[in-house]
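Trainee: To start, I am sharing the structure in question, which I have written as structure tokens.
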């Protein structure tokens, strides 16, 4: 090999190897220091892109999980308020049952009325519950819908009952005659706008029909005014009958899925709301016919009155992709919407036995509405818990997958680091040796 001094190829080649070893050592040092085998796109371009997408997914899943937990807190807030309202309604029914007994004097009923008024005011306070400044139960969080009238259905009467059925021929669901006789006394009462309306048929005639009951309802008085056509129509409907003006296309439901008699309020919305309907039959001597009343006094609200509302339902984003949301509408839980108070502030009265009996029916209907809302809230809360659990599992799984792509095997990287460190030192030593070899040319000049 020729001896040259201008280009020391041995040193140049060794320097190249030294630089390569130094680069590998720096890569190993970076991996050991960060704990990642992919620190930038140059380490693994496709692996880096996949890992970054997974990191975005993980953060999205974690945020959705947080959203689910926040939503659960909101629903628990609403559930607590409705639960308190349910407790109050149970108490109100108890007070109405107490007032319906003639063991109480008018003064006793007046005292009970004071307590009842305070409890109804508390229901309004419950409805004003907020979460993060948002009202939940005062009607602004309900789903969109048009005005709908109250529908009250009796599922205890025979399926072939209609408005032309004679009172003396009325029968229950099993086909047993209700034993309403000529000469019996029929009392009907209902509550509208917090006022109790009562009408009495002193003697049932042999040709009296349900149309007469319908007429009585619209002519009922509360001492100061007449009901003035509170009910618009009455008909026999089946469980599959769709109400055109019902929010979300709700159907009238009966337990046995068969036809049932339904009374419908004349005016739609809360202004025309009927919150309680009671029909009582007694014989000529004034003895109440309990078996008869069990079937007649069974009108339950199947469609609740509602005003036209914009869509204010709360929507919870509980997924990592757009529109992966849980949406729920919260009913208006104010006393007016529950049928316990009129728009003018008039509350249900239990100052007479007849009024107390009508109030019992109204409190039953209000309780059913509140329980329906509580059931909805409970179902959504349970779903949110499952959602949060599922998001946690998904986040863990994606994290595990991302770890296999990007996390460094520390034992392996320490081995590589040690190897590259030794190779770097060896290259440095050889470079020094290569540089020393060039000085041998000087011996030729001696």
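The values are calculated or read from the model by the stated rules, or taken from the named source; none is laboratory data. Model, not experiment: these values are computed from the prediction. Cβ coordinates were reconstructed from backbone atoms using ideal geometry, including for glycine residues, and neighbour counts include every protein chain displayed.
Trainee: Scanning the range 130-144 for residues that are surrounded by fewer than 19 Cβ atoms within 10 Å (Cβ to Cβ) and under 17 Å from residue 369 (Cβ atoms), which turns out nearest to the chain's Cα centre (by Cα)? Can you show your working first?
Mentor: We begin by selecting, within the range 130-144, every residue surrounded by fewer than 19 Cβ atoms within 10 Å (Cβ to Cβ); these are 130-135, 138, 140, 143-144.
If we keep only those that are under 17 Å from residue 369 (Cβ atoms) as well, we get 138, 143.
Values: 138: 15, 143: 11 Å.
That would be 143.
Trainee: When you go through 116, 157, 136, 128 one by one, which is the residue that is without any contact (Cβ under 8 Å) to a residue 24 or more places away in the chain and touching a strand residue (DSSP E or B) at 6+ places or on another chain (Cβ under 9 Å)? Steps first, please.
Mentor: Numbers: 116 fails: without any contact (Cβ under 8 Å) to a residue 24 or more places away in the chain; 157 fails: without any contact (Cβ under 8 Å) to a residue 24 or more places away in the chain; 136 fails: without any contact (Cβ under 8 Å) to a residue 24 or more places away in the chain.
Just a single option satisfies the conditions, and that option is 128.
Residue-by-condition table, conditions (1) more than 20 Å from the chain's Cα centre (by Cα); (2) at pLDDT 85 or above; (3) within 30 Å of residue 134 (Cβ to Cβ):
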position: 246; (1), (2), (3): no, no, yes
position: 249; (1), (2), (3): no, no, yes
position: 265; (1), (2), (3): yes, yes, no
position: 271; (1), (2), (3): yes, yes, yes
position: 287; (1), (2), (3): yes, yes, no
position: 290; (1), (2), (3): yes, yes, no
position: 317; (1), (2), (3): no, yes, yes
position: 321; (1), (2), (3): yes, yes, yes
position: 339; (1), (2), (3): yes, yes, yes
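Trainee: For the range 325-337, does any single residue satisfy the condition of being assigned to a loop (DSSP other than H, G, I, E, B) and without any contact (Cβ under 8 Å) to a residue 40 or more places away in the chain? Steps first, please.
Mentor: Step one: list which residues in the range 325-337 are assigned to a loop (DSSP other than H, G, I, E, B), which gives 329-337.
If we keep only those that are without any contact (Cβ under 8 Å) to a residue 40 or more places away in the chain as well, we get none.
No; the residues of the range 325-337 include none that is assigned to a loop (DSSP other than H, G, I, E, B) and without any contact (Cβ under 8 Å) to a residue 40 or more places away in the chain.
Trainee: Further, regarding this structure: Is it true that some residue in the range 405-426 is surrounded by fewer than 19 Cβ atoms within 10 Å (Cβ to Cβ) and not in a helix (DSSP H, G or I)?
Mentor: yes
Trainee: Among the residues of the range 198-232 satisfying the criterion of being touching a residue at least 60 places away in the same chain (Cβ under 8 Å) and part of a strand (DSSP E or B), which is nearest to residue 286 (Cα to Cα)?
Mentor: Among them, the one singled out is 198.
Trainee: Name every residue in the range 176-197 that is over 38 Å from the mean Cα position of the chain (by Cα), surrounded by 14 or more Cβ atoms within 10 Å (Cβ to Cβ) and not in a strand (DSSP E or B), in order of residue number. I'd like the intermediate steps shown before the answer.
Mentor: The initial filter retains those residues of the range 176-197 that are over 38 Å from the mean Cα position of the chain (by Cα), namely 176-187.
Narrowing further to those that are surrounded by 14 or more Cβ atoms within 10 Å (Cβ to Cβ): 178-181, 184-187.
Within the range 176-197, 178, 179, 180, 181, 184 qualify.
Trainee: Here are 149, 99: which of them is crowded, with 16+ Cβ neighbours inside 10 Å, modelled with pLDDT under 90 and under 28 Å from residue 352 (Cβ atoms)?
Mentor: Being crowded, with 16+ Cβ neighbours inside 10 Å, modelled with pLDDT under 90 and under 28 Å from residue 352 (Cβ atoms) holds for just one of 149, 99, which is 149.
Trainee: Find the residue count for the range 33-49, including only residues that are surrounded by fewer than 16 Cβ atoms within 10 Å (Cβ to Cβ) and either in contact (Cβ under 8 Å) with a residue 24 or more places away in the chain or assigned to a helix (DSSP H, G or I) (or both). Reasoning before the result, please.
Mentor: So in the range 33-49, the residues surrounded by fewer than 16 Cβ atoms within 10 Å (Cβ to Cβ) come out as 33-35, 40-43, 45-47, 49.
Those still in the list that are either in contact (Cβ under 8 Å) with a residue 24 or more places away in the chain or assigned to a helix (DSSP H, G or I) (or both) too: 33-35, 45-47, 49.
Going through the range 33-49 one residue at a time, the tally reaches 7.
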